[in-house]
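Taking it in order: structure first as structure tokens, then the write-up.
Since every read-out is calculated from the coordinates, none of them should be taken as a lab result. Since the model is a prediction, treat every value here as computed from it, not as a measurement. Here Cβ is always computed from backbone atoms with ideal geometry, including for glycine, and neighbour counts include all displayed protein chains.
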Amino acid sequence: MSVIENLKKGIMKSNPVLVLLLGLCPALAVSTSLDNAIGMTAAVMFVLINANLIVSIIRKWTPDRVRIPVFIVIIASLVTIVDLTIQAFSPDLSKSLGIFLPLIVVNCIILGRAEAFASKNSITDSLADALGMGLGFGLALLIISFFRQLLGTGTLELFGQTLLEVPGLLDNPMAIFILPMGAFLVMACLLAFLRYMGVIANE
């Protein structure tokens, strides 16, 4: 599989959220605004890309019996860097993402790509895989956040700037979409639409 194919597959064909249904906990929990979606995507991509890079580099020297603990230590170190950086430079975002930022350590997307792909492939392919999966995760998060924020508040804001307002929803927003059940509702409708359109193959 070429580098381009490895990059493209994570965006749609093997999208971690919409197709593989991985990483749903942070994806659904923090997708109440575009700000959160972008912040979580940046954090996940940083950890995913660097974890794949490091695992691919050391794969030939890592004994099989300790590879999972080694991967977890690498991922935990990267997550600590991200967590402390966001706390220092964007405390509001850190507070908004809450516990789900340090919980990137146990995100099955990251450990899964390290174990299933980076530990068996070259650095270039591993980086392409990580970038594709990260972009796919971010795309799903942005779509879910778009609908939840717009329907739940009647407005669409990005880092304090109002991008769109729906007059009817401003007065009577559908607050259910900001609640946890709204995340599942948007996710279900999105999956149904993608399957109907044939973007996601029916099993």
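Listed by chain and number, the aspartates and glutamates whose alpha-carbon sits under 15 Å from that of residue 60, ignoring those within fewer than 8 places in the same chain, are 115.
The angle between the Cα long axis of helix 180-196 and the longest principal axis of the Cα atoms of the chain comes to about 80 degrees, rounded to the nearest 10.
Considering only alpha-carbon pairs that sit under 8 angstrom and 6 or more positions apart, the relative contact order computed for the chain is 32 percent. Computed over Cα pairs, the Kirkwood radius of the stretch 100-203 leads via Stokes-Einstein (0.890 mPa s, 25 °C) to a diffusion coefficient of 151 µm² per second. Across the stretch 107-203, Cα pairs under 8 Å and at least six residues apart give a relative contact order of 18 percent. Taking every alpha-carbon pair in the chain and binning the separations at 5 Å intervals from zero gives 1, 8, 15, 18, 18, 16, 12, 7, 4, 2, 1, 0, 0 percent. Calculated on the Cα set of the stretch 31-103, radius of gyration then Dmax: 14.1, 42 Å.
Taken about its Cα centre, the stretch 3-146 carries a charge dipole of roughly 380 debye when the Cβ of each Lys and Arg holds +1 and the Cβ of each Asp and Glu holds -1. Applying the criteria of a DSSP loop state and at most 13 other Cβ atoms within 10 Å to the chymotrypsin sites (Phe, Trp or Tyr not before Pro) of the stretch 67-118 yields no site. Please name which of 54, 136, 104 has its Cα lying farthest along the dipole of the chain towards the positive end, using unit charges on Cβ (Lys, Arg +1; Asp, Glu -1) and the Cα centre as origin. Most positive-ward Cα: 54.
Extension gain for residue 189-residue 166 works out to 6.2 nm (0.36 nm per residue, less the C-alpha to C-alpha distance).
Of the chymotrypsin sites (Phe, Trp or Tyr not before Pro) found in the stretch 140-195, those in coil by DSSP whose Cβ has at most 12 other Cβ atoms within 10 Å are 159.
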